[in-house]
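Written below as structure tokens is the structure these notes are about.
The values are calculated or read from the model by the stated rules, or taken from the named source; none is laboratory data. The model shown is predicted, which means the values in this text are computed figures rather than measured ones. Positions of Cβ are generated from backbone atoms using ideal geometry, with glycine treated the same way; all protein chains shown enter the neighbour counts. Side chains included, ligands, DNA and RNA excluded: accessible areas come from the protein's heavy atoms. Shrake-Rupley method; radii C 1.70, N 1.55, O 1.52, S 1.80 Å.
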There are 2 protein chains.
Amino acid sequence: MAATPTDAGVASLGEFTFECGQSIPELRVAYETYGEFDGDNTVLICHALTGSQNVARTPDSDADAGQAGQARAWWDDVVGPGKAIDTTAYHVVCANVPGSCYGTSGPASERPADLDVGLDEEPGHDRWGTLYPPVQVEDWTRAQRRLLDHLGVGRLRAVVGGSVGGMNVLEWAKRYPDDVDRVVPVAAAARLDAQCLALDAAARRAIRADPNWRGGNYYGEGRPSPANGLAMARQIGHVMYLSKASMERKFGRRSAGRDSLTREEGDLGLPADPAAAFFPYREVESYLDYQAEGFAERFDANSYLYLTRAMDEYDLAAGYGSDADALAAFEGEALVMSFTGDWHFTVEQASSLATAFRDGGAPVANHVVDSDHGHDAFLVEPEHVGPPLRDFLADGVDGRAVADEGSQPPAREEPDHAPVHSSLFRD
Amino acid sequence: MAATPTDAGVASLGEFTFECGQSIPELRVAYETYGEFDGDNTVLICHALTGSQNVARTPDSDADAGQAGQARAWWDDVVGPGKAIDTTAYHVVCANVPGSCYGTSGPASERPADLDVGLDEEPGHDRWGTLYPPVQVEDWTRAQRRLLDHLGVGRLRAVVGGSVGGMNVLEWAKRYPDDVDRVVPVAAAARLDAQCLALDAAARRAIRADPNWRGGNYYGEGRPSPANGLAMARQIGHVMYLSKASMERKFGRRSAGRDSLTREEGDLGLPADPAAAFFPYREVESYLDYQAEGFAERFDANSYLYLTRAMDEYDLAAGYGSDADALAAFEGEALVMSFTGDWHFTVEQASSLATAFRDGGAPVANHVVDSDHGHDAFLVEPEHVGPPLRDFLADGVDGRAVADEGSQPPAREEPDHAPVHSSLFRD
């Protein structure tokens with residue numbers, strides 16, 4: 001059953017000064033809401049790196065289902081009528097973050113015509129490009145607060161989000177501790193580790209090295225986008241979102257049964273490599289190519305640069321002595337959810353985060369899901385994410401399905417084929 | 001103490017037909033030998049992906065030490081006078097593999113002038129480029145056998161190698177089971193898993209997407225090499241060689257204290273990104289950039305394509321029903337060495353390999369080193385690699401320092417700073 005968005009649109013929120021000190025004259029934020037607002041039932045959902053405001057299935061998302069990955073109905077297994085985040089009970093709000101490309105102001109947005117930035121009148125000069133101010137998770141959070149004010153929502157029942165959306169959740173607890181009752185960072189951490197920082201940097205390098213990137217000024221008529229660089233960046237990210245075990249189970253070393261040469265020539269425009277034709281084009285490569293190319297068609301390369309930098313830069317403890325100090329003013333309850341096979345945000349990081357909530361004085365449950373789906377688990381295992389989330393929203397850390405560290409769920413039977421749910425990479 | 005190579009040069013081995021069926025009229029193999037041959041004391045060492053024939057420190061490697069990474073003296077902590085592979089006792093042979101770029105025939109080599117391949121007379125047409133035949137681990141092994149015949153060496157005391165060099169070792173046991181007494185695959189596996197295949201494919205894509213790659217024809221006068229693509233590929237590889245824990249310990253999230261913008265503009269020729277300047281250039285990024293750029297200067301991009309494809313393609317069981325069947329004819333002894341923090345070639349893969357030797361009837365020790373250095377451990381932990389290797393060469397699986405699975409070495413004290421040894425990435 002599809003949810004009916006009670007409100008969807010783009011809010012014009014006026015001048016916005018980013019944490020970096022730079023301003024834009026008009027921040028526009030694309031958002032959707034689901035369910036009726038009763039004054040006390042709002043759940044804000046924070047999307048992941050490349051997500052959008054369309055968190056639940058709607059007539060709009062149905063229209064192009066299967067084509068837009070996380071751009072559409074990215075958590076429809078969890079959010080909707082009767083689902084874990086029940087839109088018949090809660091007023092759900094989801095907004096596209098500043099710097100992204102699904103309707104909220106970002107590098108691909110039009111730059112105000114009266115803003116003199118000393119650029120030549122070259123093609124694409126009417127877009128921000130890399131002149132858009134650097135964006136941080138703090139800015140996302142402040143923009144969401146501004147949007148909620150605009151919508152007439154004060155205090156929030158809960159803020160929920162996965163991956164870097166979980167960092168966005170943490171920033172809510174840190175920045176607006178009195179504005180939210182319950183927070184749920186899912187598959188998240190207080191900060192990225194060196195390995196993830198390294199891979200994100202390599203991904204950005206791929207975009208910048210694409211000759212079509214042109215310093216971020218590729219929006220003009222007749223200018224191709226840096227699709228190759230963005231696709232490469234996405235492939236690196238994609239591997240980070242899957243576990244070694246799930247990749248081995250899903251692909252192994254099987255050949256895709258097609259010619260890599262023909263395919264790559266056709267779809268990527270890369271020069272032919274005679275020596276490559278001898279070797280199989282493997283399923284894992286075919287899958288990653290297909291997903292990455294689809295992604296490169298729908299996502300903006302500059303946004304990818306901006307949003308990964310925001311993720312890399314986020315540090316919960318920034319401005320405080322520790323994570324616990326940063327969370328000390330938060331007096332609500334927290335559910336920290338993590339997945340054993342996740343190497344992007346590990347269970348150890350989640351455990352440390354739960355400890356910080358606890359040390360900061362908040363009731364917290366460190367709910368660890370036994371899974372080998374990797375980071376992607378928070379999207380592809382709604383059967384494990386939904387119940388604790390539902391019960392935590394209703395009853396806090398005492399919720400029936402909410403487990404705390406040390407009381408892991410029993411090992412479960414692994415189906416031959418994992419059920420198909422929307423994932424970080426669905427296309 | 002530096003070893004004196006008793007022989008070093010390039011052997012011309014005549015026409016060579018690769019496993020793919022294609023031939024080259026003259027296979028040249030660059031090699032070095034150390035120690036005196038007594039008819040029965042030869043140890044063949046197989047280098048890793050980007051290694052060279054210069055395995056031990058020599059006057060030649062001293063001359064440009066610190067500049068050439070794995071190109072020079074890449075295992076000098078393990079191989080040399082009095083070291084684990086003692087060049088005063090053994091006759092050590094190491095050869096650069098076909099497809100590489102340290103003197104052995106490969107894509108960067110001159111193509112015979114009389115070989116008509118229908119190319120235009122464009123710059124660089126005198127090099128093989130991607131017209132060089134596809135290379136496989138089997139070809140490396142056959143080329144080594146041919147070289148040893150040329151040198152007058154029949155049966156080998158041992159074949160030792162790490163990483164894909166360990167696959168090369170396995171191929172010796174499979175293809176020439178009667179020619180070798182003892183084999184030591186270190187940090188290796190019978191085949192790559194899907195995760196590593198995916199990352200290798202992304203790395204190759206980075207090279208092919210570099211506009212300077214030009215289908216592999218970049219050798220001509222005035223044609224820049226695809227250094228950006230190769231550097232990106234190397235960065236992906238580099239992360240695969242380190243463990244999450246070692247990266248976190250070594251770099252954390254520290255800033256390098258320099259401006260990424262200035263640096264990247266200067267060294268990579270990438271367009272400036274105003275939004276990037278706001279964020280720190282982190283030590284982990286600086287380190288990977290520095291290492292990758294040094295690597296891109298000394299290694300050939302086409303060779304990187306060729307050698308990673310050989311690694312990806314290798315499957316010990318190919319042509320047999322199983323790994324054990326492939327090893328059944330080998331009647332020597334095997335030491336399989338692996339490292340707990342290695343996610344490129346895991347201890348589980350090593351354990352499976354040891355089982356295959358055992359099932360094939362060979363005495364085997366599955367020696368697991370407790371380490372969080374990742375794949376790189378086989379180069380940076382000579383204090384753990386050396387003793388079992390030394391004792392295995394002397395006494396086989398009964399060697400004193402040789403442990404078998406289940407009898408892991410005791411946990412050791414972690415020094416504040418790891419000792420500096422040559423690594424996959426030293427430059």
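So what's the net charge close to B:Phe16: Lys and Arg +1, Asp and Glu -1, counting the other residues with Cβ under 15 Å from its Cβ? Here the count lands on -1.
Accessible surface for chain A, divided over its residues, is 34 Å² per residue with a 1.4 Å probe. Here the protein assembly as shown carries DSSP beta bridges of which approximately 40% are antiparallel, counting only pairs with both residues inside. Residues in the stretch A:366-376 carry Karplus couplings, in order, of 9, 8, 9, 9, 6, 7, 10, 7, x, 4, 4 Hz; the curve used is 6.51 cos²θ - 1.76 cosθ + 1.60 with θ = phi - 60°, and Gly or Pro positions show x.
Between identical copies, the spacing of A:Gly82 label points, each set 7 Å from Cα toward the C-beta atom, reads 7.9 nm from nearest to farthest.
Partner shielding of A:282-291 amounts to 4, given as the average count of beta-carbon atoms from other chains within 10 Å of each residue beta-carbon. Here the accessible area of chain B is 46 percent carbon and sulfur, with a 1.4 angstrom probe and all protein chains present. For the segment B:309-316, counting C-beta atoms of other chains within 10 Å of every residue's C-beta and taking the mean gives 2. At an R0 of 60 angstrom, the distance between the Cβ atoms of B:Arg400 and B:Ala113 translates into a FRET efficiency of 0.60. Would you mind telling me the antiparallel percentage of the DSSP bridges in chain A, rounded to 5? Here the antiparallel bridges make up roughly 40 percent for chain A.
The alpha carbon centroids of the stretch A:192-231 and the stretch A:367-398 are separated by 33 Å.
Ranked by the mean number of other Cβ atoms within 10 Å per residue, highest first, peptides A:277-284, A:234-241, B:140-147 order as A:234-241, B:140-147, A:277-284.
Considering only alpha-carbon pairs that sit under 8 angstrom and 6 or more positions apart, the relative contact order computed for chain A is 17 percent.
Taking the helices alone, chain A has a mean residue ellipticity at 222 nm of -10000 deg cm²/dmol, built from -39,500 (n - 2.57) per DSSP H run of at least 4 residues and averaged over all its residues.
In this assembly of identical copies, the label point of A:Glu221 (Cα plus 7 Å along Cα-to-Cβ) is separated from its counterparts by 4.3 nm, sorted shortest first. Build a GNM of chain B with springs between Cα atoms under 10 Å apart, and of B:Asp139, B:Asp193, B:Asp323 the one that fluctuates most is B:Asp193.
Here the Debye sum runs over all C-alpha atoms of the protein assembly as shown as equal scatterers in vacuum, and log10 of I(q)/I(0) at q = 0.11 Å⁻¹ comes out as -1.25. Remark: accessible area buried at the A-B interface is about 5400 Å², both chains counted, probe radius 1.4 Å.
Shown here for the stretch B:315-361: chymotrypsin sites (Phe, Trp or Tyr not before Pro) in loop regions (DSSP other than H, G, I, E, B) with at most 16 other Cβ atoms within 10 Å, namely B:Tyr320. For the peptide A:245-252, the mean number of other protein chain Cβ atoms found within 10 angstrom of a residue's Cβ is 3. Distances from A:Asp178 to itself in the other copies, using label points 7 Å out along the Cα-Cβ axis, amount to 8.8 nm in increasing order. Distance between the modelled labels on A:His150 and B:Ser351, one decimal in nanometres: 5.5 nm (7 Å Cα→Cβ projection).
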